[in-house]
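Step one of this worksheet: look at the structure below.
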Amino acid sequence: MNNHLFNYTLQQADNCLILGQRLGEWCGHGPILEQDIAMTNIALDLIGQSRMLYQYAAEVQGDGKTEDDLAYLRDAWDFKNVLLVEQPNGDFAKTILRQFLFDSFNCYFYEALKDSNDEKLAAIAAKSHKETLYHLKWSADWVLRLGDGTEESHERIQSALNELWPYSAEIIIASDADHDAKTNGYGVNLEEIQSRRDSKIEEVLEEATLTAPEDTFSHSGGKSGTHTEHLGYILADLQFLQRAYPGNEW
Amino acid sequence: MNNWPLWEIFIRSKAGLNHKHVGSLHAADAEMAVQNARDVYTRRNEGVSIWVVESKYITASDPDDADPLYEPAKDKVYRHPTFYNLPDEVKHM
């Protein structure tokens, strides 16, 4: 098994699954029906992306593993998602800001991954990129509306930005798998993505009259399995059925 | 958000067909209405184009006027183009 390729695929699969699960928590609780549906649509897109990636990771792993083994039967330290996506939903503003920080990576990531020399990853990227173009438009629009909206909405999304900013950089800090992927041409060049992502974030925040904190401290550890306390609770929900009734199907 | 205006949504199901009214939703402005319509009304592959119109701009006929407006047309079958023999070469009429 190609360990780096496996980890590289898992990193992205885990990002999508955990953020999809988080967004899914809004189902039935959205601020209005239309946005409730928008969030669950995006959650389903992300879970769909994670499924394609898990299927491929399972294939790379071999020995008869399936996507379900990877999603339901690994523990927190095996998950390689960045800490950003496991952060709690908070209020609508925090969910929007977390989504924008992720989408502004995810969209450019898939766009670049379309050129992967790994046919499967390139195909998954081509399909997913279209979805993420919409995600980014949706979340960027909401950052503008809230940031440049009322006094209360501005305050809420500015405080979300202050809280989540230290989680924004981890995703573009290269792991061993990221290095290998770039060197061998099956993955993206994170430096290129960072410059596009940063200018998008800067542009949107400025228009939204928001100010990013100057502190450049960054949390990290997710890509190597060191998570915040939140991931355990997410997995407890997500994996409950397979843990309580192993192998059960419906 | 309770103050958001209501919008009427029209979807074209495929190129060449008319936009059809599919329902209504709330949104703060036209752009958000298009996005909301995309999420609410095209998630099962229903459309390729969306029109939105704020409901207040729609002028509707009064149901109480139904008799004078629509009854008179009922007995005027000669207005239907059914009294012509169409040649077989003319298809899809």
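The values are calculated or read from the model by the stated rules, or taken from the named source; none is laboratory data. Model, not experiment: these values are computed from the prediction. Note that each Cβ is placed from the backbone with ideal geometry, even for glycine, and that neighbours are counted across all protein chains shown.
In the stretch A:111-145, which residues are hydroxyl-bearing (Ser, Thr, Tyr), over 12 Å from A:VAL188 (Cβ atoms) and either away from every other protein chain (no Cβ under 14 Å) or touching a His at 6+ places or on another chain (Cβ under 6 Å) (or both)?
A:SER128, A:THR132
If you scan the stretch A:69-103, which residues turn out to be surrounded by fewer than 18 Cβ atoms within 10 Å (Cβ to Cβ) and of a type outside the set (S, T, N, Q)?
Residues satisfying the conditions are A:ASP69, A:TYR72, A:LEU73, A:ARG74, A:ASP75, A:TRP77, A:ASP78, A:PRO88, A:GLY90, A:ASP91.
Restricting the stretch A:149-177 to residues that are touching a helix residue (DSSP H, G or I) at 6+ places or on another chain (Cβ under 6 Å) and under 19 Å from A:ASN3 (Cα atoms), which is surrounded by the fewest Cβ atoms within 10 Å (Cβ to Cβ)?
A:ALA174
I'd like the residue in the stretch A:25-51 that is over 13 Å from the mean Cα position of the chain (by Cα) and more than 10 Å from chain B (Cβ to nearest Cβ) and, out of all such residues, is farthest from A:GLN239 (Cα to Cα).
Among those residues, the one meeting the criterion is A:GLY30.
Suppose we filter the stretch A:110-130 for residues that are touching a residue at least 24 places away in the same chain (Cβ under 8 Å) and closer than 19 Å to A:LEU44 by Cα; how many remain?
3
Given the condition part of a helix (DSSP H, G or I) and either over 30 Å from A:LEU144 (Cβ atoms) or touching a residue at least 12 places away in the same chain (Cβ under 8 Å) (or both), answer yes or no: does some residue in the stretch A:208-219 qualify?
There is no residue in the stretch A:208-219 that is part of a helix (DSSP H, G or I) and either over 30 Å from A:LEU144 (Cβ atoms) or touching a residue at least 12 places away in the same chain (Cβ under 8 Å) (or both).
For the stretch B:36-50, name all the residues that are surrounded by 13 or more Cβ atoms within 10 Å (Cβ to Cβ) and either touching an Asp or Glu at 6+ places or on another chain (Cβ under 7 Å) or charged (D, E, K, R) (or both).
Scanning the stretch B:36-50 gives B:ASN36, B:ARG38, B:ASP39, B:VAL40, B:ARG43, B:GLU46.
Just need a number here: residues in the stretch A:1-24 that are β-branched (Val, Ile, Thr) and under 9 Å from the mean Cα position of the chain (by Cα).
1
Within the stretch B:1-60, count every residue that is within 11 Å of chain A (Cβ to nearest Cβ), part of a loop (DSSP other than H, G, I, E, B) and among the small types (Gly, Ala, Ser).
Of the residues in that region, 2 qualify.
Could you list, in sequence order, all residues of the stretch A:69-94 that are within 13 Å of the chain's Cα centre (by Cα) and assigned to a helix (DSSP H, G or I)?
A:LEU83, A:LEU84, A:VAL85, A:GLU86, listed by residue number.
Residues to consider are A:LEU231, A:LEU210, A:LEU190; find the one that is at pLDDT 95 or above, under 19 Å from the mean Cα position of the chain (by Cα) and either closer than 23 Å to A:SER159 by Cα or surrounded by fewer than 12 Cβ atoms within 10 Å (Cβ to Cβ) (or both).
Values: A:LEU210 fails: under 19 Å from the mean Cα position of the chain (by Cα); A:LEU190 fails: either closer than 23 Å to A:SER159 by Cα or surrounded by fewer than 12 Cβ atoms within 10 Å (Cβ to Cβ) (or both).
Result: A:LEU231 is the single residue among A:LEU231, A:LEU210, A:LEU190 that is at pLDDT 95 or above, under 19 Å from the mean Cα position of the chain (by Cα) and either closer than 23 Å to A:SER159 by Cα or surrounded by fewer than 12 Cβ atoms within 10 Å (Cβ to Cβ) (or both).
Name every residue in the stretch A:113-133 that is under 19 Å from A:GLU192 (Cβ atoms) and crowded, with 18+ Cβ neighbours inside 10 Å, in order of residue number.
Passing the criteria: A:LEU113, A:SER116, A:ASP118, A:LEU121, A:ALA125, A:SER128, A:HIS129, A:THR132.
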